[in-house]
Amino acid sequence: MKPLRLIVHRLRALFRKENLDAEMSEEMQAHLDLLTVDYQKRGLSAAEARSAARRAFGGVEQIKERARDQRGWMWLDHLARDVRHGWRMIAKAPLISAVIVVSLGIGVGVNVTIFSWISSLVFRPLPGIANVTRFHLIEPKTEAGNYPGASWLEYRDLRERLHSFDWLLAYKMLPLNLGELGQEERVYSQLVSGNYFSVLGLRPTLGRFFREDEAVQPGGAPVIVISHSFWQSHLAGAPDVIGRRLRLNDQQLTVIGVAPEGFLGTTTGLTFDLWAPATMAPVLLNGSRELETREARGYSLLGTLRAGVTTAQARGELVGAMREFAANYPSSNVGFSAELLPFWRAPRGAARLLLGALAALQSFLLLVLLVVCVNAANLLLARATVRRRELGVRLALGARPWQLLRLVLIESALLGAMASALGTLLAVWGTTALRVVSLPGGFPFKFQTDLDVVGLAFAAALGVGSAIVFGLAPALHAARTDSQLVLRTSVTAAARRGARSPLVAVEVALALFVLVVAAMFLRSFLETRTADTGFKPEGVLLAAYDLSNSGYDKATGIAMMDELLRRLRATPGIEAAAVASWVPLDFHSMPLGAFKLDGRARSDGGQDRAITYNVTPGYLDLMRIPLVAGRDFDALADKAHGPQAIVNEEFAKKFFEGRSPLGHRIEGFNASFEIVGVARNALYETFGEAPKPIMYFSLRDRFALIEQIHIRTNGAESALAPNLRRIVREINPVFALFDVRTLTEHVDKNLFFRKIPARIFAGLGPLILLLAAIGIYAMVAYSVAQRTMEIGVRLALGASTRRVVLQIVRESMRIVWFGLLPAWLVSVVAVLIRAKTDVLNAVILVGTPAILVCVAWLAAWLPARRAAKVDPMVALRAE
């Protein structure tokens, strides 16, 4: 009977209602038979004797229970024996066992690490908050697909208008200067609505949270809540911290509470030190009008649905509210829609940057784990050829095929369990290492990874699944062993290799596909890294400053900026200097500005929108962004000309449709700006983005207190930092700089999240080649070990060593080509569909299989060469 039929039959016997004799063990039946014979000797009929024997034995149910108990103990005893035997077999082949456990452990470890990362972003995006999945994001969206956030007035209106939500809270990120002038430290805070902590369901470690009345009037209560980590690091965990005053942006704010430990804020992947009422914005930002105007956006809105309200109902109400706002406030809301998103789809924070890349990486790593499993199956199958005589003897002594199946599966399960344990340890190390990684530039990013119960369950599932995948083929091969054939004679190498050849072909096919995917990803990463950004980052030093609440107004601020740039440009080694409100390729989204063009009227009465940049004259030249038409801005001190603007090529293409924009006027921002130049397109938010329309304004016309200094040099950028700090101190001794870095480092920060998967791909490529080599080597080594007599005969009859080696290698490479060609064709089709056809892709599609073929040839040649060196007489005697 076939092994699978035997398994099915036995399972049916265990769970189906059988007659009494079938349920009892042989020992129980023997006792019952003896009692029956005894009663028959006393003169009872056979039926009466059997009934009396059953009663004397304790009744039918007791007999069944005893039989079941004995069967259970026997099953456990057999299982324990099989487990002990499995350990012995593993110990007898330490090298093969170590290769399987280590390779599987690495595969499980990297998969669990990435899975834990994804799980944290999706199910636990906000540490310290229970049941985060109940929250939904409300995100206004422009016609161009941007998510600029909501205005404070929009939040207040939606809070009253949306009845589908129990609560609605608002928050936005705000960097602050902590400490006395000249000794400031940059800290990161969130401006929040008064119900922020209560809606999140948090309890303070010390003190209290905000009251509703403290976040109603602009410039209201000067209070602050600090994070638990800030309390420990900056205030030494002082128990009397409540009531202390902190100097933030030259304002005194009173600490009223300490947030619970583990709470980091409500932007995924970022950690914050402080929380202040949003109504403190005019005070902290030197008279900011963001609480009074609908054009000032940037707040994220978070809420919970009322009981019984569906997501579709809430979305419909939200769309209706946005239409109402567009009708009531056309200048600020026309063209805006809104989306209701689960928190893990937040358009700001780490989730936006990571989830897509992590999902692709997880799929790739699962494919790698499948390659590892096939390799393990190859190794166990190859080893099974050595154990054929042992299995044949077991069958000859009465073992059943399903018992051999169980024996081999238990051995595989033990290997899988050890690999799962090793993978869990590697995942613990990986998640811990990610948590301590800091982002370049001092940005408050934090990897929120943790190996929780879900991650442990995933590790166990991968271990069990892997054991089944790589153990099933060797187990079925063992169950099909013919004891008569094994004990009587040996079989041909081709027959013995029959079970392994398809697996080797599958492993080669998977290895090729994985290597092509890895090569394409690495190519994409390298192309992104070397892509034309539209500006030249090399040789530029950056430094930020914040004049908020430092006594500067527009006139004195512009004068200070002009003096700073004049001194910097006169410093030896400095080629150019400029100031800008933003730095391209930063993590946060660039601000959008609403405007109208002269001669262009929208039928809906709304305004167009584009990214805004405030810069000083000379900025475009410093960044090596050429002007394709027109000229640069007038000098900062020039008061003879009106407000000016420079637009990029995409702006001209979208809004002027081939006409020259020079001389036209942009109406908005409480002024009328003449377009004096057209600049070439450049990247602004992320690599690979489509060109976006942008407006550059002169800081003379649109002054801001928080700016970025840009310095270009022909030498080392970092060497300019001391000179920069000296000049700043000479202008104002209490003038603070922060976030000093090179523009190259800043651009690399944008690539930070792509570097991690790129390094994983780069590290796994050699591992895949090694696994393929091990699988092929094992197949050939064990095959030639079983062909010792054949090789000896051929050598004795005059065959050359070279000819024997070439024949063995040819037979092995046939299997390799059988798996390589289909996988190569699939890879070619996939590349042609998803990527462009060029020389580099052709090199990948030709070079990758060529490398794999060379590795396979070497893995087949080494054992073949060793076998062909055997003395023919020794080989014949050994057989």
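The values are calculated or read from the model by the stated rules, or taken from the named source; none is laboratory data. Here the structure is a predicted model, which is why all the values come from computation and not from measurement. Don't worry about glycine lacking a Cβ; one is built from the backbone with ideal geometry, like all the others, and counts go over all protein chains shown. Accessible surface is based on the protein model in full, side chains and every heavy atom, while ligands, DNA and RNA are left aside. Shrake-Rupley method; radii C 1.70, N 1.55, O 1.52, S 1.80 Å.
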Using only the Cα atoms, work out Rg/Rh for segment 596-669, with Rh taken as the Kirkwood radius, to two decimals.
-> 0.97
What is the ratio of the Cα radius of gyration of segment 608-725 to 2.2 N^0.38 Å, where N is its residue count, to two decimals?
-> 1.13
What net charge is computed for the residues neighbouring Ala577, neighbours being all others with C-beta under 13 Å from the C-beta of Ala577, Lys and Arg scored +1, Asp and Glu -1?
-> -2
Rounded to the nearest 0.05, FRET efficiency between Glu563 and Ile851 (Cβ-Cβ, R0 51 Å) equals 0.25
Solvent exposure, largest accessible area first (probe 1.4 Å, DNA, RNA and ligands not counted), of Met590, Met520 | Met520, Met590
Post the alpha-carbon centroid distance, segment 136-185 to segment 714-730, in whole angstrom.
-> 37 Å
To the nearest 10 square angstrom, what accessible area does Asp273 show with a 1.4 Å probe?
-> 40 Å²
With every protein chain left in place, what is the accessible area of Glu139 in Å² (1.4 Å probe, nearest 10)?
-> 0 Å²
So, in Å, what gap is there between the alpha-carbon centers of segment 293-342 and segment 594-657?
-> 30 Å
Mean separation of Cα pairs under 8 Å and 6+ residues apart, divided by the residue count of segment 146-193: what relative contact order is that in percent?
-> 30 percent
Pseudo-spin-label distance Ala46 to Thr142, built 7 Å along Cα→Cβ, given in nm, is 9.6 nm
Accessible heavy-atom area order of Thr311, Thr266, Thr293, highest first, probe of 1.4 Å = Thr311, Thr293, Thr266
If each K or R counts +1 and each D or E counts -1, the residues other than Ile224 whose Cβ falls under 13 Å of its Cβ total +2
Please give the length that would be gained between Val839 and Asp739 if that part of the chain were fully extended, namely 0.36 nm times their separation in residues minus their C-alpha to C-alpha distance (nm, one decimal).
-> 31.8 nm
Antiparallel bridges, percent of DSSP beta bridges restricted to segment 548-735 (to nearest 5) = 70 percent
Cross-link table Lys536/Lys692; Lys692/Lys755; Lys596/Lys692, entries beyond 22 Å C-alpha to C-alpha | Lys692/Lys755
Taking Arg700, Arg348 and ranking on accessible area (1.4 Å, protein atoms only), highest first, one gets Arg348, Arg700
Can you pull the accessible area of Phe656 for me, 1.4 Å probe, Å² to the nearest 10?
-> 0 Å²
Between Leu95 and Ala360, 0.36 nm times their residue separation minus their Cα-Cα distance comes to what?
-> 92.1 nm
The distance between the Cα centres of segment 193-214 and segment 532-552, in whole Å, is 36 Å
